[in-house]
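Okay, so here's the structure we're looking at.
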């Protein structure tokens, strides 16, 4: 019998080791798996490489993980935030490494990682300083860069509705990186507002098939990072 | 002492007027991505009778205006991370699909802000290159490399009067030879194989005034030059 439910966020992240690579879903404050990230802070794993479009907001979630000194490296497209100086402070202090990737290249590298494609060529960033050190090749007379797939040990993803098999549906623009990160990680941990028996989701409406998901945690009423930031919340 | 402001201060377009001018060139039925900041205003000025579909990189086609304050959904935002709405006929999708739309040439047009545009269409709009800046690129490089037409909406000069239309960009490039048209507070300028071409000026602004504020050769290609 397939049942991917895990009793708590703490249990779901308990075996993330020091030095692990962790994909964290979300774009801005939408889709941030905040209960899972806070459980990861409580768990204490450090020297993490985090793959995430942004570098956190306010003093909660990923920003708090960085502030607690757990992140050695970020791979992302837009680590600047109007509501948090956490990343900026740590970056200027030389205590975190940044691999800056154009957003579409980031998404495609993750998708490729999940699809078993080791690398691909794209014209994005050709002729810019983000092309430095990358293999270049012309197609149709236009320069392209060789970009390598991204995979991870873990993905932390927020979904709206899940079933015990790990089939997922998302909510509006909170979907963002969730489906592709679920594909690209060895172990994908999902928090979902509802977790019901198989058959509860219409197969026609499943966005992420359960094969890409390993653990499902029921977080009935997830905190919205948007609200926590507005309230000036601080974790831990 | 004269109370008249200098002609250029009096005649140059407001942000809303630049947006309205840029909106006139968007064809009915277009799929469009508007850059964060000034270009977002264009959505308010789409001429009556035309339907365009706005794309936002974080996974929404058919983006509508900002919601009423009591109708904000934190999980419905735009690429600038601001609350938005979804129009009838909208769709949601994940990031790889969103950027397949961008990179696969499916979007008809994007209008972006600029720090500098060069006479060959090079665009710089993502980094000052300053050592203390936090590097952040977002989707800018994907948009300029994949969208069919890339236009720019910007002030003609910086606040201290430095021209933004230049012979060669001094800031780090977003893309090479990507910009085809520029809307500014003074003029509409096309990027052609022969460099910048003036298409029209704001009412009361002359070719010489625009040329004097453009740091590269400017050809007068207006259908009706100054009398």
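The values are calculated or read from the model by the stated rules, or taken from the named source; none is laboratory data. All figures in this text were calculated on a predicted structure; none of them were measured in a lab. Positions of Cβ are generated from backbone atoms using ideal geometry, with glycine treated the same way; all protein chains shown enter the neighbour counts.
Structure notes:
- Qualifying positions in the stretch A:161-180 - assigned to a strand (DSSP E or B) and buried (at least 24 other Cβ atoms within 10 Å of the Cβ): A:162, A:163, A:168
- Filter result for residue A:169 (touching a helix residue (DSSP H, G or I) at 6+ places or on another chain (Cβ under 7 Å) and within 7 Å of another protein chain (Cβ to nearest Cβ)): no
- Residue among B:149, B:131, B:140 that alone is under 29 Å from residue B:27 (Cα atoms) and within 14 Å of another protein chain (Cβ to nearest Cβ): B:140
- If you go through the stretch A:64-99 and pick out every residue that is more than 15 Å from the chain's Cα centre (by Cα), within 8 Å of chain B (Cβ to nearest Cβ), more than 17 Å from residue A:225 (Cβ to Cβ) and in contact (Cβ under 8 Å) with a residue 12 or more places away in the chain, you end up with 2.
- Of the residues making up the stretch B:129-139, not a single one is at pLDDT 95 or above and not in a loop (DSSP other than H, G, I, E, B).
Yes or no, residue by residue, for (1) within 14 Å of chain A (Cβ to nearest Cβ); (2) touching a strand residue (DSSP E or B) at 6+ places or on another chain (Cβ under 7 Å):
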{"position": "B:30", "(1), (2)": "no, yes"}
{"position": "B:41", "(1), (2)": "no, no"}
{"position": "B:46", "(1), (2)": "no, no"}
{"position": "B:53", "(1), (2)": "no, yes"}
{"position": "B:73", "(1), (2)": "yes, yes"}
{"position": "B:80", "(1), (2)": "yes, no"}
{"position": "B:87", "(1), (2)": "yes, yes"}
{"position": "B:92", "(1), (2)": "yes, yes"}
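- Taking the numbered list (1) more than 10 Å from chain B (Cβ to nearest Cβ); (2) surrounded by 22 or more Cβ atoms within 10 Å (Cβ to Cβ); (3) part of a strand (DSSP E or B) in turn, residue A:158 passes all entries but (1).
- Residue count for the stretch A:145-155 under the criterion of being in contact with a helix residue (DSSP H, G or I) (Cβ under 8 Å, 6 or more places away or on another chain) and assigned to a strand (DSSP E or B): the result is 5.
- Residue check, residue A:16 assigned to a loop (DSSP other than H, G, I, E, B), touching a residue at least 24 places away in the same chain (Cβ under 8 Å), away from chain B (no Cβ under 13 Å) and closer than 13 Å to residue A:156 by Cα: yes
- Selection from the stretch A:123-144 of residues that are within 11 Å of chain B (Cβ to nearest Cβ), part of a strand (DSSP E or B) and out of contact with any strand residue (DSSP E or B) (no Cβ under 6 Å at 6 or more places or on another chain): A:142
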